[in-house]
1. Please give the contour-minus-distance gain from residue 88 to residue 54: 0.36 nm per residue of separation, less the Cα-Cα distance, rounded to one decimal in nm.
2. Counting other beta carbons within 10 Å of each residue's own, what order do 57, 97 fall into, fewest first?
């Protein structure tokens with residue numbers, strides 16, 4: 001096999017593996033996202049802490065949500081509550097939560 005063919009096959013395989021791992025299940029995410037509503041107040045966007053600005057996450061981009069949660073998990077974004085929440089989630093949990101929240105209204 002040529003080096004080019006091997007490289008192309010390797011890239012294709014890694015892309016497929018990434019897509020499979022990144023696929024979120026919105027139904028599973030709905031169950032995991034219950035903790036989010038306490039601060040982000042998805043139903044009606046009511047916030048339990050009105051003196052603190054918390055972003056609306058319902059309908060947010062799935063990619064943004066995955067990136068934000070991973071940044072909290074890695075310590076790249078700083079917020080004690082969000083970091084603790086994100087660290088408790090597996091990569092699949094994060095994908096599922098993002099899939100659900102991106103479709104929530």
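Every read-out reported here was derived from the displayed coordinates using simple, explicitly stated rules and does not represent laboratory data. Computed from a predicted model, the values in this text were never measured in an experiment. So basically every Cβ, Gly included, is an ideal-geometry build from the backbone, and we count neighbours across all protein chains shown.
1. That works out to 10.2 nm of additional length.
2. 57, 97
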